[in-house]
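The values are calculated or read from the model by the stated rules, or taken from the named source; none is laboratory data. Computed from a predicted structure; not experimentally measured. With ideal geometry, Cβ positions are generated from the backbone for all residues, glycine too; neighbour counts draw on all protein chains shown.
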Amino acid sequence: MTRSHPRLTPREIKFVTRPLYCKFASINADGSAHVTPTWSMFENGLFVFSIPAAAVKLRNLERDCRVTPLFDDAYSWVAVRGRAMINPDRDNGLDTERLAVLYMGRREGVRTAAEIVKRKHLSVEVTPETVVSDNV
């Protein structure tokens, strides 16, 4: 059964905190959708992403902060409509390492994060406004 509501339920939080690739949708300048897979983590009611400074999605959210991260496992899904904000106060190196460890395990994650942070990334937070889910 599909549900739409303003906050994530405990079951939805459990679902989105699994290491599922998030499909991150932002709005291109022409109004079309730009959707890319990315890593995410959920903390203190916010979704956190480490996004390359040159990424299209970063330029999109600088112009229009409305985004929709979608999490699915082919049978169940959670879509979060919200507003994204670049947070310059976050430690992007730490965010990148935490994400890499979550998705790749400690050894490979630390190694991969060290390579990723050599390229400029920014920490982006998404504040949920509406949550839609099915089969969660």
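Taking the listed residues Val56, Val67, Val35, the one that is hydrophobic (A, V, I, L, M, F, W, C) and out of contact with any Lys or Arg (no Cβ under 9 Å at 6 or more places or on another chain) is Val56, with no other qualifying. Scan region 97-129 residue by residue and report those that are modelled with pLDDT of 95 or more and of a type in the set (S, T, N, Q). Scanning region 97-129 gives Ser123, Thr127. The residues of region 64-108 that are of a type in the set (Val, Ile, Thr) and closer than 30 Å to Asn135 by Cβ, listed by number, are Val67, Thr68, Val78, Val80, Val101.
Every condition in (1) under 13 Å from Cys22 (Cα atoms); (2) buried (at least 19 other Cβ atoms within 10 Å of the Cβ) holds for Thr36 except the one numbered (2).
For region 22-54, a residue qualifies if it is closer than 24 Å to Arg98 by Cβ, part of a loop (DSSP other than H, G, I, E, B) and at pLDDT 95 or above, and the qualifying residues are Trp39, Ser40.
Number of residues in region 1-54 that are of a type in the set (Gly, Ala, Ser) and more than 14 Å from the chain's Cα centre (by Cα) equals 7.
Under the condition of being in a helix (DSSP H, G or I) and of a type outside the set (A, V, I, L, M, F, W, C), the residues counted in region 80-115 number 14. Would you check if there is a residue in region 65-78 being modelled with pLDDT of 95 or more, among the small types (Gly, Ala, Ser), surrounded by fewer than 19 Cβ atoms within 10 Å (Cβ to Cβ) and closer than 19 Å to Lys14 by Cα? Yes.
Just one of the numbered conditions (1) surrounded by 13 or more Cβ atoms within 10 Å (Cβ to Cβ); (2) part of a loop (DSSP other than H, G, I, E, B) is not true of Lys118; which one? Failing condition for Lys118: (1).
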